[in-house]
Amino acid sequence: MTLLDAINTCLSSLGEARVTSTTVRHPTVDLIRSTIAMKKTELLERGWWFNTAQATMYPSNTGEMEYPVNALSVLGYCGEMYIPRGGMLFDLDNNTQFFTEAKSMQITYDMDFEDLPECAANVVMQRANRAVYVGDLGVDSASLNMEKNEKDNQTTLETLHMRNKRHSTRQRRPWQRMRNALKGN
């Protein structure tokens, strides 16, 4: 889905004319574009199969590490929390931006709307559509239908997330203990 398609869907819900460009000077288009950006960031902050990556970062000669470009969050594997400070990685647990060794971490990235998988773009568009509609026209049966569509798209997104992450009970320690107990080990 393109950003233009999402904007035009929202405009249609409001009963306004479609536009041919996302850069057109129109107060409603500006509102929709900023709402889509906000809803996209809210969705991506959670971390999905398509916007998270594992990385090992190494300190420079000065002992600092640059904060990853387009990162929404950086978490260490042992629960360490990192934030950006002056463009560098800052360790909140140890209150420092200087590191002596490499750190393994999970990075959650921001993405352009057009790069989102279709199901994620639909969730963002539905959330923005409902937010703009309710803000302009209030809650009515149409907004309740929008909420239902949003929840349906969210369910699809979460299902795909589970499939792509390949979560399995068999990978958990209690499953292994139960298998060993059944084998008599």
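What follows is calculated from the coordinates using simple rules that are stated; it is not laboratory data. The shown structure was predicted, so the numbers you read here are calculated from the model rather than taken from an experiment. Ideal geometry is used to build each Cβ from the backbone, glycine not excepted, and the neighbour counts take in all protein chains shown.
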Would you count, across the chain, every pair of lysines whose alpha carbons are under 25 angstrom apart, provided the pair is eight or more residues apart or spans two chains? 8
Rounded to two decimals, the Rg over Rh value of the chain from Cα coordinates and the Kirkwood Rh reads 1.11
Which of 161, 167 comes first, and how do the rest follow, when ranked by fewest Cβ neighbours within 10 Å? 167, 161
The range 98-163: GluC sites (Glu not before Pro) in DSSP coil with no more than 12 other Cβ atoms inside 10 Å: 101
If each residue's Cβ is checked for other Cβ atoms within 10 Å, how do 29, 74 rank with the fewest at the top? 29, 74
Per the 1/(1 + (r/R0)^6) rule, R0 = 30 Å and r from the Cβ atoms of residue 170 and residue 55, FRET efficiency to 0.05 is 0.65
Among 95, 69, 59, flag the residue with its Cα farthest along the positive direction of the charge dipole of the range 52-109, charges on Cβ as +1 for Lys/Arg and -1 for Asp/Glu. 69
Cα centroids of the range 1-40 and the range 87-119: how far apart, whole angstrom? 30 Å
Run a plain Debye calculation on the range 52-109 (Cα atoms as equal point scatterers, no solvent) and give log10 I(q)/I(0) at q = 0.20, 0.24, 0.25 Å⁻¹, rounded to two decimals, same order as the q list. -0.64, -0.96, -1.05
Projected-area mean, the range 93-185, by convex hull of Cα positions, square nanometres: 12.6 nm²
Mean shadow area of the range 69-141 over all directions, Cα convex hull, nm²: 8.1 nm²
To make sure I understand, if each residue's beta carbon is the centre and we count other beta carbons within 10 Å, what order do 85, 166 fall in, fewest to most? 166, 85
